[in-house]
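So the structure is just underneath, and the comments pick up after that.
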Amino acid sequence: MTDPKDNVPDGEEPQVEGDATNAAEPEDLIEAEGPDVEVPTDAPAGGEQDLSPEDEALLADAARGMAEDKLSASDRDLVAEMRADMLRAQAELVNFRKRVERDREANREVAIAEVVRALLPALDDLTRAEAHGDLTEGPMQVIGQKIRGGFDRFKLVQIGEKGEPFDPNVHEAIVQLPTPGATGQTVADVVEPGYKLGERVLRAAKVAVAVPA
């Protein structure tokens, strides 16, 4: 086998492949460039799933808390004051909506009460006709049932019964009858019935009151 040194002229050192003296300096190296790869910024990293709204809210609260921790004392006081104002405004809005709903319902009840009060004389005529037996048969019977059914839809209640205790809130005494053995004031007779719409008295019952003799 031939020694590489035999082919080297006198006075020259043989060059050995892979010698460190012939290695390129670091500044002579050229960095290899690969193809550009676009990575979507909205893609979940590592196959993560989309966060639920609850998790997003928790993260937002945590981020908000971290941001507030970096604020100065005066800035934190300002944030707390603004948050209190916001909560107060929300509470006032809720109360305003409740008042609007209550007022709307009250106005509706007032309007219904006025309409029903205007129809009470017709209802009195219907009651008298029924007492005289005019509504026992025929078309008037059907008409009377429909009229009473319409009043029942609005919870119209007749008040004033013979024998019940006298109540000035629902009774109007037009005459007093001294009665032996009576221990209190009771309704002796109903001259004209009264009516209530819910808790609202549309008309007090006109009654004769039995009083102790």
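Over all Cα pairs of the stretch 95-149, how is the pair count split among 5 Å bins, expressed in % and running from 0 up to the last occupied bin?
4, 17, 17, 15, 11, 9, 9, 7, 5, 3, 2
Hey, could you grab the Kirkwood Rh for the stretch 60-182? Inverse mean 1/r over distinct alpha carbon pairs, Å, one decimal.
Numbers: mean 1/r = 0.0465 Å⁻¹.
Its Kirkwood hydrodynamic radius stands at 21.5 Å.
At a probe size of 1.4 Å, how large is the accessible area of V79, to the nearest 10 Å²?
The accessible area comes out at roughly 50 Å².
With a 1.4 Å probe and all protein chains left in place, how much of the accessible area of the stretch 109-208 comes from carbon and sulfur atoms, in whole percent? Intermediate results must be reported in sequence, preceding the final value.
Details: 3580 of 6430 Å².
That fraction is 56 percent.
The values are calculated or read from the model by the stated rules, or taken from the named source; none is laboratory data. The shown structure was predicted, so the numbers you read here are calculated from the model rather than taken from an experiment. SASA here: full protein model, heavy atoms, side chains in, ligands and nucleic acids out. Shrake-Rupley method; radii C 1.70, N 1.55, O 1.52, S 1.80 Å.
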